[in-house]
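A.B. asks: Just passing along the structure, written as structure tokens.
The values are calculated or read from the model by the stated rules, or taken from the named source; none is laboratory data. Please read these numbers as outputs of a predicted model, since none were measured by experiment. So basically every Cβ, Gly included, is an ideal-geometry build from the backbone, and we count neighbours across all protein chains shown.
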Amino acid sequence: MSGSGGGGFTTYDPPVIACENLIIETAISSPKAAVVSKLTVGDVLDVGLENAPGSVVVALYLSGQLAGGITHPSTNRLRECIQGGTRYRATVTSVSAGQVRVRITPL
């Protein structure tokens with residue numbers, strides 16, 4: 001008779017990345033056309049928090065104007081880091097057919 005090897009399962013918790021090492025590459029979500037139409041590769045956006053109904057979202061700003069937000073598996077960690085005082089910037093890495101990709105890095 002062969003054994004079944006126990007039961008149950010294990011979950012995987014990804015390691016927590018230190019705020020000063022957190023780097024995210026993603027597309028701008030819910031882009032604001034009037035702002036993102038001005039963006040070119042190399043532009044730098046401010047990264048901050050924006051209150052939305054029922055939540056706080058990570059937002060990107062060009063000269064104080066909301067460019068859009070981000071959705072990424074590490075968004076919650078980024079929000080925690082910003083709330084803890086770490087500052088970030090987002091550099092535009094590509095612009096194609098209205099889609100803008102950015103690389104978010106700590107200052």
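A.B. asks: Could you tell me whether residue 55 is surrounded by 16 or more Cβ atoms within 10 Å (Cβ to Cβ) and either among the acidic types (Asp, Glu) or farther than 18 Å from residue 94 by Cα (or both)?
C.D. replies: On the way: surrounded by 16 or more Cβ atoms within 10 Å (Cβ to Cβ): no; either among the acidic types (Asp, Glu) or farther than 18 Å from residue 94 by Cα (or both): yes.
For residue 55, the condition - surrounded by 16 or more Cβ atoms within 10 Å (Cβ to Cβ) and either among the acidic types (Asp, Glu) or farther than 18 Å from residue 94 by Cα (or both) - is not met.
A.B. asks: Kindly indicate whether residue 16 is modelled with pLDDT of 65 or more and exposed (fewer than 11 other Cβ atoms within 10 Å of the Cβ).
C.D. replies: Considered against the rule, which asks whether it is modelled with pLDDT of 65 or more and exposed (fewer than 11 other Cβ atoms within 10 Å of the Cβ), residue 16 comes out as yes.
Residues checked against (1) in a loop (DSSP other than H, G, I, E, B); (2) among the small types (Gly, Ala, Ser); (3) under 13 Å from the mean Cα position of the chain (by Cα):
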{"site": "35", "(1), (2), (3)": "no, no, no"}
{"site": "41", "(1), (2), (3)": "yes, no, no"}
{"site": "45", "(1), (2), (3)": "no, no, yes"}
{"site": "56", "(1), (2), (3)": "no, no, yes"}
{"site": "59", "(1), (2), (3)": "no, yes, yes"}
{"site": "69", "(1), (2), (3)": "no, yes, yes"}
{"site": "73", "(1), (2), (3)": "yes, no, yes"}
{"site": "77", "(1), (2), (3)": "no, no, yes"}
